[in-house]
Amino acid sequence: MTQGSSRREFLHTAGGTMAAIALWPGAELARAALRVTEPFTVGLIGVGKQGRAILSELQKIEHVNIKAVCDVDESRLRGGLRRVQGAEGFADYREMLDTVSDLKAVFVATPTHMHREPAVHALRSGKHVYCEAPLASTIKDCREIAMAARDAGTSVFQTGMLGRTDPVYTLANTFVRAGDIRDIIGMRAQWHKKTSWRIQGPDAASEKARNWRLDPAVSIGLAGEVGTQQFDVIHWFARQYPVSVRGSGGVMLHKDGREIPDTIVCDFTFADGTSFHYDASLANSYEGEYEQLYGTNGTVKLAWRHGWLFKEADAPTMGWEVYANRQQFHNEEGITLIADATQLAAQGRLKDGVGLQQPPLFYGIEEFLRSAINGSPVQCSASEGLRAAVVGILANQAVMTNSEVAIDPELFKEG
Amino acid sequence: MEQMIRLATYAMGTRFEILLSGDDAVGVRAAGEEALALIEECDRQFSIFERDSLISHINRIAHRRPVRLDADTFAMFRVCLAVHEESGGAFDVTVGPLMEELGFRGDSEPAPAGGPARVDIGSEWIELDEEDQTIHFVDGKRLKLDLGGVAKGHALDLARQSLVGNGVTSALLHGGTSGVVTIGCPVQPGFENPDGWRVAIRSPDKSKEARYSRCPSVALKDSALSVSAQHGRVAPGADGTVRGHVIDPRGDGTVSPADIVMTAVIGSSACQADAWSTALLVTGSTGMCSEAFGKTGMTGLICRPEVTGDEVLPKWALIGSDGGTWQECVRIPEAIHSAGSPADAVVDDDDDDDISVERE
């Protein structure tokens with residue numbers, strides 16, 4: 001037995017349970033699973049890939065009744081209805097909102113440039129609304145949604161930016177705010193997936209509609225469409241928004257006549273002098289998607305289902321480290337961030353907690369329902385959605401013009 | 001001009017690959033990517049090694065309450081239970097704990113907390129509710145479903161369905177080379193074959209000269225092929241013997257290595273072929289479920305080792321085409337040829353990537 005394992009064994013057996021509760025800073029973060037005790041009726045608008053994922057996660061929650069599914073694309077609507085037994089299909093969201101009498105909440109997963117109309121309409125119809133991120137593809141639309149959410153009375157609005165509700169990120173955020181990596185000196189994030197972003201359709205009209213991400217008239221490109229989620233993570237952790245962004249990009253692989261770059265780079269500057277480097281590509285899949293925050297005492301790496309803390313050699317030892325799982329990354333040793341660690345440590349099952357028990361989307365939906373049903377505070381408001389979308393939209397503008405664009409804080413205001 | 005596009009992804013611990021043809025290369029690629037995305041989605045949904053997969057969720061919850069499923073997943077479970085019943089229990093998706101006990105599973109989702117890790121075995125405890133489209137473990141049974149026997153086939157079926165829906169008329173898809181589905185036949189100039197995609201089943205005898213000379217091949221056209229073999233994965237037994245990876249849920253958890261060493265099933269559904277290739281390997285030459293298999297309308301091949309002098313040679317037999325009786329492959333039926341000619345793909349159940357789709 002090594003010295004390290006002897007130490008762990010000692011702490012675990014000699015009052016280790018209490019020690020774990022006292023030492024683990026994330027103890028208060030473990031939230032009880034949402035329990036819906038009475039039928040809660042919801043509907044979905046937009047049955048693309050993300051809409052289908054929402055249906056799958058909703059199906060897991062007892063008493064949540066998916067009563068209506070809506071999409072203008074007939075084959076997608078059929079696909080959505082195959083996901084849910086007994087749901088009614090609609091081609092028009094207005095008809096759905098008007099005719100399904102006991103609909104309490106709707107999930108908006110239409111293409112980004114088509115979020116505003118159904119989201120605002122649903123809010124004004126008194127529904128709780130979960131809207132996918134980015135909030136919209138123009139700042140004007142984002143503001144309109146944010147104002148409708150502000151004026152919605154008791155209706156809850158949540159932007160689907162999943163870092164805010166992901167248990168691994170919530171835990172990591174506590175570490176960073178507690179000063180465990182000390183002063184942030186820089187940030188980096190990437191999104192890599194080798195795919196064309198092109199989608200087939202049964203006819204030319206359907207194909208054009210499905211390929212909105214490649215349509216320069218409505219698309220906000222990689223920076224807006226996938227970057228916004230990650231920019232929000234950076235804003236949340238750094239507790240500030242960038243003041244400028246320099247962007248560039250090009251079509252490196254998918255030379256099929258597209259104008260939207262398949263590979264981009266963005267460099268953001270913050271008022272305190274820190275910087276954030278971002279790159280995204282549809283031409284390479286290496287290391288997928290993650291965010292990293294570099295501090296003077298350590299680095300946090302976040303990859304949605306997993307998170308790690310890499311300590312500097314001169315950083316002070318934290319008491320809970322004796323329980324930690326560790327993972328080797330080339331020359332670095334990462335301490336695995338585990339969301340429900342206290343409970344697991346008490347049971348001697350810490351290793352079982354590596355990775356989330358549900359996909360990140362599940363927790364976003366769960367938090368939304370918690371707010372809609374129990375009145376819990378909204379974890380990611382329309383205002384947060386507006387601010388992240390503004391950064392995404394301007395970053396895309398910087399990429400498309402190969403220039404530096406100032407990010408005016410006035411743009412973050414709802415109106 | 002027809003162009004051949006090749007796309008691949010890593011999923012379910014192996015490599016899935018698609019070869020597809022069409023005159024619109026951009027559109028064909030997009031269709032292929034959508035199919036691969038479905039395979040990746042199946043990986044996320046059905047991996048017992050990921051805590052956040054649907055199957056892990058079912059294993060945690062279904063003993064307490066019914067879990068709602070989408071139509072495709074529900075249909076897959078329906079196939080699992082049907083083959084379980086028809087095979088007399090030889091195919092069983094609850095056999096996972098036995099696999100773990102025998103050393104075939106690493107870091108799958110651990111047993112639920114709150115008491116001893118009591119895990120039950122037996123598909124008879126699985127209840128599918130057709131009306132609500134749910135799955136439930138009756139009597140609070142703590143089952144631990146493992147879809148390793150059908151998930152690849154199910155993923156291939158969904159991928160093929162997506163490709164057909166997107167207008168693809170010529171494609172070959174394989175998962176880890178142990179399962180293949182095809183659409184139409186090869187149409188690329190120079191490689192046309194109106195009989196279909198020729199797939200060779202690699203012999204369990206892995207000597208180089210035997211690799212192609214003693215293996216049967218089949219021309220697949222709008223159909224699926226699944227292969228199960230003992231040599232695919234092995235683990236040491238307590239008595240020092242080597243155990244195969246296909247577990248007999250009805251017995252002590254092993255399959256006799258001296259009996260059937262390889263099975264191949266050809267049918268319209270890869271999911272169903274997957275389940276039956278496992279069941280046939282489990283039941284072996286006792287023929288316990290050959291009659292039931294004969295009623296499925298699928299064709300099966302079994303391979304037994306035969307000692308000839310100093311050599312142990314693979315001996316193939318056909319099952320299924322005449323109501324389920326065994327028939328030695330003396331006369332090769334129309335669709336199944338004695339190989340030797342180049343194949344579009346070679347399959348076995350080895351999950352090693354030194355073999356793959358052979359044609360560019």
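With a simple spin-label model that places each label point 7 Å from the Cα along the Cα-to-Cβ direction, the separation between A:Ser101 and A:Glu88 comes to 1.0 nm. Taking a point 7 Å out from the Cα of B:Phe191 in the direction of its Cβ, the residues of the stretch B:141-171 whose backbone N falls within less than 14 Å of it are B:170-171.
Between B:Val138 and B:Val164, the simple label model (points 7 Å from Cα in the Cβ direction) yields a spacing of 3.4 nm. Only protein atoms count toward the accessible area here, which uses a 1.4 Å probe; on chain A, the carbon and sulfur part of that area reaches 50 percent. Please give the residues of the stretch A:68-93, grouped as numeric ranges, whose backbone N is less than 18 Å from a label point set 7 Å along the Cα-to-Cβ vector of A:Ser125. Within reach of a label on A:Ser125: A:68-73, A:77, A:81, A:87-93. Think of the stretch A:86-238 as a dipole: +1 on every Lys or Arg Cβ, -1 on every Asp or Glu Cβ, centred on the Cα centre; then among A:Thr174, A:Ser101, A:Ser125, A:Thr174 lies furthest on the positive end. Here the stretch B:138-157 is scanned for amide nitrogen atoms under 13 Å from the site 7 Å beyond the Cα of A:Ser285 along Cα-to-Cβ, giving none.
Once a ≥ b ≥ c are taken as the square roots of the eigenvalues of the Cα gyration tensor of the stretch A:129-199, is the result rounded (a/c under 1.5), prolate (a/b larger than b/c) or oblate (a/b not larger than b/c)? It comes out oblate by the Cα gyration axes. In this simple spin-label model, placing a label point 7 Å from the Cα along the Cα-to-Cβ direction at both A:Asp408 and A:Lys140 gives a separation of 1.5 nm. Distant-in-sequence amide contacts of B:Ala11, defined by a placed amide H-H separation under 5 Å and a gap of 5 or more residues or a different chain, comprise B:Phe16. Report which residues of the stretch A:73-112 become buried by 20 Å² or more of accessible surface when going from the isolated chain to the complete set of protein chains (1.4 Å probe; DNA, RNA and ligands ignored). Buried-area filter returns A:Arg82, A:Arg83, A:Gln85. If a/c stays under 1.5 just call it rounded; otherwise compare a/b with b/c (prolate if a/b is bigger, oblate if not). Do that for chain A, with a ≥ b ≥ c from the square roots of the Cα gyration tensor eigenvalues. The shape class here is oblate. Computed from the C-beta positions of B:Ser268 and B:Glu131 and an R0 of 41 Å, the FRET efficiency is 0.95 to the nearest 0.05. Interface of A with B. Using a 1.4 Å probe and counting protein heavy atoms only, the two chains hide about 2800 Å² of accessible surface, both sides summed.
What shape does the stretch A:168-325 take by its C-alpha gyration tensor, where a ≥ b ≥ c are the square roots of the eigenvalues and a/c under 1.5 counts as rounded, a/b above b/c as prolate, and the rest as oblate? Cα axes put the stretch A:168-325 in the prolate bin.
The values are calculated or read from the model by the stated rules, or taken from the named source; none is laboratory data. Quick caveat, the model's predicted, so the values are computed rather than measured. Methodologically, a virtual Cβ is constructed for each residue, glycine included, from the backbone with ideal geometry; neighbour enumeration extends over all protein chains shown. Accessible surface areas use protein heavy atoms only, side chains included; no ligands, DNA or RNA. Shrake-Rupley method; radii C 1.70, N 1.55, O 1.52, S 1.80 Å.
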